[in-house]
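The values are calculated or read from the model by the stated rules, or taken from the named source; none is laboratory data. Values in this document were obtained by computation on a predicted structure and should not be read as measured data. Using ideal geometry, Cβ is built from the backbone for each residue, glycine included, and neighbour counts are taken over all protein chains shown.
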Amino acid sequence: MKYNVLGEVSFLELIKNARNILLNPLPFHRRNFAKHGDVFRVHLGGGKKVLFTRDPNMARHMLQKQHRKYHKSSLQTKDLAKYIGEGLLTSNGEKWLQQRRLIQPAFHRKKLKILVDTMRDVIESSVMSFPKNKEIDVLPLMSDLAFEVVAKSLFGYEDPDTISRLQYITEKAQHTLIKEVRQPYKKWWFYLTGVTQRTLRLTKDARKLLEKIIQDRRASGEKKDDLLGMLLESRYDNGNAMSMDQLIDEILILFVAGHETTANALAFSLFLLAKDQKIQQKVFEEVSKVDPKGAIFESLNELSYTRQCIEETMRLYPPAYFSDRVSIADDTFEGMELPAGTQVLISFYEIHRNSQFWEQAEIFNPDRFDPVAKKDFSNCYFPFGSGPRMCIGNNFAMYEMVIALSSIVRSYKITTNETSIEVTPLITLKPKNARLTFDQRTN
């Protein structure tokens, strides 16, 4: 494939669609991919342009093969960082590499094996308290569960008021950021009306809460084998510890990234199982064969179909539904010149639904992810990103989702009266009005 000539979306067309793009940009993306092909250029005004791509080869080119020529754009390193700090998710270059090396050991398999027991205890306690025989929006339920798992498993923190406050602040920050990113020409208005300043004050409150968590741990003298304990003990090559500000940056980012994508994926998974009772029954039969009080880490291998359901959910509804990069050196890809400064948005959502790579791409079919068939899709499946900057917590998230889904299906039959699911694309892809009913199973 050669990209000698690209389709163009004018700034005028962008302005005409501004309201709809703010609410949900996915239809705009789909229309233009259908019209222009797998790569097109959007004019943002003021001479600024961005390339949109759903070409998985181009995605791998930027994220893996030539990753040193690409950095995350200012969308993450400035816009997102001003609300959640300059940590692993929002940094580039040497700082990112330094932090990645420092934090990576906390997510090694042997560390996660220690955490899964706490994870299971939190999940089972939460699952038992689900509202029963009553239609509810499942996303807030999954958000509470996932946030509690992160707080207790990674940071050993259990105060419900603090956890709720942190959840509230992260949601508010995300909504403000989305407005700023999708309507960049109105940033002045958000400053003038105080929207940005109010959100920044909220994030300062979050940082104070996290500072207290750190200080409480230090004051207690406890040596816990969790992420917070490891971060407090870790040292850079020069022997220095992380500063308080850097610690808060990393913890805030892990709180945000560590719960939201998992909550979204679980909510989508439960809705899809509610819509297809045969698949849900197959999951139930699998989880019923596993001792819920047995060695949880070892039992994860016995829940292969449950995992397939999650993998297929993350194909159809990838929580991290896009990523972006900016070239820091001149590059080319299949005849397309990518000079330094080129900004590119990668649509994982469109890659995952592209009929060139997926048979019956819009259909929920966990069987496509059986251990053999999955190999066919390895080059066009990006549930956790790709390359050196692949999500550091991907294994933690998958363990959590498999444990949670198996626990929920073991305990409840899940149903819905909804015919389809709506999405809310913010920084992550969220389900909207995923209303489900949980009926207690009698075993």
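Name the one entry in Tyr381, Tyr399 that is touching a residue at least 12 places away in the same chain (Cβ under 8 Å), within 21 Å of the chain's Cα centre (by Cα) and in a loop (DSSP other than H, G, I, E, B). First the steps, then the outcome.
On the way: Tyr399 fails: in a loop (DSSP other than H, G, I, E, B).
Step by step, each of Tyr381, Tyr399 is checked, and only Tyr381 is touching a residue at least 12 places away in the same chain (Cβ under 8 Å), within 21 Å of the chain's Cα centre (by Cα) and in a loop (DSSP other than H, G, I, E, B).
Return the residue satisfying two criteria in turn: it lies in the range 329-357 and is touching a His at 6+ places or on another chain (Cβ under 8 Å) and among the hydroxyl-bearing types (Ser, Thr, Tyr), and of such residues it is farthest from Glu312 (Cα to Cα). By that ranking, first place goes to Ser347. If you go through the range 95-139 and pick out every residue that is over 18 Å from Ala404 (Cβ atoms), acidic (Asp, Glu) and modelled with pLDDT under 90, you end up with 0.
A search for C-beta distances below 7 Å between a residue of the range 201-229 that is at pLDDT below 85 and any residue that is β-branched (Val, Ile, Thr), counting only pairs 6+ apart in sequence or on different chains, returns Asp225/Ile114. Just so you know, in the range 181-200 the residues that are of a type in the set (Ser, Thr, Tyr), part of a helix (DSSP H, G or I) and modelled with pLDDT of 80 or more include one that is surrounded by the most Cβ atoms within 10 Å (Cβ to Cβ), and it is Thr199. Do we find a residue being modelled with pLDDT under 90, surrounded by fewer than 16 Cβ atoms within 10 Å (Cβ to Cβ) and more than 22 Å from the chain's Cα centre (by Cα) anywhere in the range 49-70? For the range 49-70, residues modelled with pLDDT under 90, surrounded by fewer than 16 Cβ atoms within 10 Å (Cβ to Cβ) and more than 22 Å from the chain's Cα centre (by Cα): absent.
I want to confirm something. Restricting to the range 287-312 and keeping residues that are free of Cβ contacts under 8 Å to residues at least 40 places away in the same chain and surrounded by 15 or more Cβ atoms within 10 Å (Cβ to Cβ), which single residue is farthest from Asp367 (Cα to Cα)? Restricting to residues being free of Cβ contacts under 8 Å to residues at least 40 places away in the same chain and surrounded by 15 or more Cβ atoms within 10 Å (Cβ to Cβ), the top hit is Ser299. Contact annotation: residue pairs with Cβ atoms under 7 Å, 6 or more positions apart or on different chains, pairing a residue in the range 161-187 that is in contact (Cβ under 8 Å) with a residue 24 or more places away in the chain with a partner that is of a type in the set (D, E, K, R) and part of a helix (DSSP H, G or I), are Ile169/Asp205; Leu177/Asp79; Glu180/Asp79; Glu180/Lys187; Val181/Asp79.
Report yes if Thr118 is crowded, with 17+ Cβ neighbours inside 10 Å and of a type in the set (S, T, N, Q), otherwise no.
Against the criterion (crowded, with 17+ Cβ neighbours inside 10 Å and of a type in the set (S, T, N, Q)), Thr118 does not qualify.
What about Ala206, is it in a helix (DSSP H, G or I) and over 24 Å from Gln167 (Cβ atoms)? Taking the combined requirement at face value, the residue does not satisfy it. Tell me whether the range 26-37 contains one or more residues that are surrounded by 16 or more Cβ atoms within 10 Å (Cβ to Cβ) and in contact with a Pro (Cβ under 9 Å, 6 or more places away or on another chain). So far as the range 26-37 goes, yes, one or more of its residues are surrounded by 16 or more Cβ atoms within 10 Å (Cβ to Cβ) and in contact with a Pro (Cβ under 9 Å, 6 or more places away or on another chain). Candidates in the range 121-180 are the residues that are over 19 Å from Ile427 (Cα atoms) and aromatic (Phe, Trp, Tyr); of these, the one that is farthest from the chain's Cα centre (by Cα) is Phe130.
Which residues, taken from the range 246-277, are among the charged types (D, E, K, R) and at pLDDT 95 or above? Across the range 246-277, the qualifying residues are Lys275, Asp276. Within the range 402-428, the set of residues being at pLDDT 95 or above, of a type outside the set (Val, Ile, Thr) and either surrounded by 22 or more Cβ atoms within 10 Å (Cβ to Cβ) or assigned to a strand (DSSP E or B) (or both) comprises Ala404, Leu405, Ser406, Tyr412, Lys413.
In the range 275-371, counting only strands (runs of 3 or more DSSP E) that sit wholly within it, none holds 3 or more residues that are of a type in the set (D, E, K, R).
Each row is one residue, and each column tells you yes or no for (1) over 30 Å from Lys113 (Cβ atoms); (2) over 23 Å from the mean Cα position of the chain (by Cα).
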| site | (1), (2) |
| --- | --- |
| Lys278 | yes, yes |
| Gly294 | no, yes |
| Thr342 | yes, yes |
| Ser347 | yes, no |
| Ile363 | yes, no |
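For Ser378, the test of being crowded, with 19+ Cβ neighbours inside 10 Å and among the small types (Gly, Ala, Ser) is failed.
Among the residues making up the range 201-232, a single one is crowded, with 17+ Cβ neighbours inside 10 Å and of a type in the set (S, T, N, Q): Thr203.
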